[in-house]
1. Tyr147 passes all but one of (1) assigned to a helix (DSSP H, G or I); (2) closer than 20 Å to Ile299 by Cα; which number fails?
2. Show the residue pairs that are 6+ apart or on different chains and have beta-carbon atoms under 9 Å apart, the first residue being within segment 226-239 and over 12 Å from Ala261 (Cα atoms), the second being outside any helix (DSSP H, G or I) and modelled with pLDDT under 95.
3. Given the condition surrounded by fewer than 18 Cβ atoms within 10 Å (Cβ to Cβ), in contact (Cβ under 8 Å) with a residue 24 or more places away in the chain, within 19 Å of the chain's Cα centre (by Cα) and part of a helix (DSSP H, G or I), answer yes or no: does some residue in segment 93-106 qualify?
4. State whether the residues of segment 20-39 include one that is of a type in the set (Val, Ile, Thr), at pLDDT below 85, under 25 Å from Ala176 (Cβ atoms) and part of a helix (DSSP H, G or I).
5. Considering only segment 220-255, state which residues are hydroxyl-bearing (Ser, Thr, Tyr) and either more than 29 Å from Ala282 (Cβ to Cβ) or modelled with pLDDT of 95 or more (or both).
Amino acid sequence: MLTTAGAILPIFLLIVVGYVFKRTGFIGDGFWAPAEKLVYFVLLPALIIGSITKSDLSTMPVGPMAFALLSMSICMIALSLLIRPVMRTDGPSFTSLLQGATRINAYLCFAIGDALYGDVSIALCAYCLAVMMPFTNVVLVTLISAYAGTGKPNWRRVPLQIIQNPIIIGCAIGWAVNTLSIPLPEWLVASLSILERGTLPLALLCIGAGLILVMDRAQMVAMSVSVALKLAVMPVIAIFTCQYFGVTGVPMAIVVLFAGAPASTSSYILARQMGGNAPLMAAILSVQTVVAAVTLPPILAYVSP
């Protein structure tokens with residue numbers, strides 16, 4: 001476990017650096033929004049394309065991983081709905097709890113996977129994201145619309161948002177190039193390699209800049225339940241689903257990493273746009289990121305090959 005913790009610690013320290021930079025004003029506020037846009041639209045797709053094109057996809061348990069991921073997601077959504085009656089919270093707050101219990105911070109998964117398992121983990125993370133993102137987006141938009149009580153989902157935009165997502169586009173390009181054995185010119189490979197180096201450090205700094213460590217006491221229960229579901233219950237379910245579908249080794253470790261990582265920062269945007277409890281969502285994301293620094297090392301040490 002010490003080896004795993006040692007590999008993860010620098011990642012969370014970089015998040016702390018991002019938080020300090022933001023709060024002290026060392027880097028102006030005008031930096032962070034363009035930086036997040038650069039990571040999302042350029043750097044992360046470049047990392048995904050470069051990694052997938054270099055990976056041996058024939059060794060990946062693609063089918064079993066998809067079944068494990070979708071089963072894990074369905075179980076978490078169902079569990080959140082089952083505890084809804086006993087939660088003394090309003091609809092908007094419940095939708096934040098639900099997002100916190102089910103969504104994935106892809107940036108953190110890519111960084112930790114790369115630190116622990118090397119280049120092959122990037123392709124596996126990209127595949128996990130490509131499987132989970134369309135499913136969770138459609139289901140969560142439906143449930144947020146039902147429970148938040150404000151804002152109606154534009155269903156015509158959901159498929160378009162998925163197709164236009166730069167991460168999905170990066171996955172599609174990388175898999176197409178790899179599967180069809182399309183040769184890439186050396187200058188393009190070199191350019192992707194240069195872009196890859198800046199992706200994860202900048203992404204982690206942006207995560208830290210987005211942390212909010214001031215919470216409303218009245219919503220502590222909902223926040224605590226969401227943190228427990230995401231960081232404790234979901235990894236256990238992931239281990240069982242992987243064992244059931246025969247996913248082992250590094251692929252299993254990546255699935256469990258996705259289960260035990262904090263929720264996506266995009267959850268806050270969705271909560272704000274669709275009438276969810278955005279301040280609670282921000283608190284959940286921040287606390288999950290801090291607590292994950294403690295919970296992830298033993299979980300990943302348990303499943304690491």
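The values are calculated or read from the model by the stated rules, or taken from the named source; none is laboratory data. All values derive from a computational prediction rather than experimental measurement. Cβ: placed from backbone, ideal geometry, glycine included. Neighbour counts: every protein chain shown.
1. (2)
2. Ser226/Ala263
3. No, every residue in segment 93-106 fails to be surrounded by fewer than 18 Cβ atoms within 10 Å (Cβ to Cβ), in contact (Cβ under 8 Å) with a residue 24 or more places away in the chain, within 19 Å of the chain's Cα centre (by Cα) and part of a helix (DSSP H, G or I).
4. Within segment 20-39 (the criterion being of a type in the set (Val, Ile, Thr), at pLDDT below 85, under 25 Å from Ala176 (Cβ atoms) and part of a helix (DSSP H, G or I)), the answer is yes, since at least one residue qualifies.
5. Across segment 220-255, the qualifying residues are Thr241, Tyr244, Thr248.
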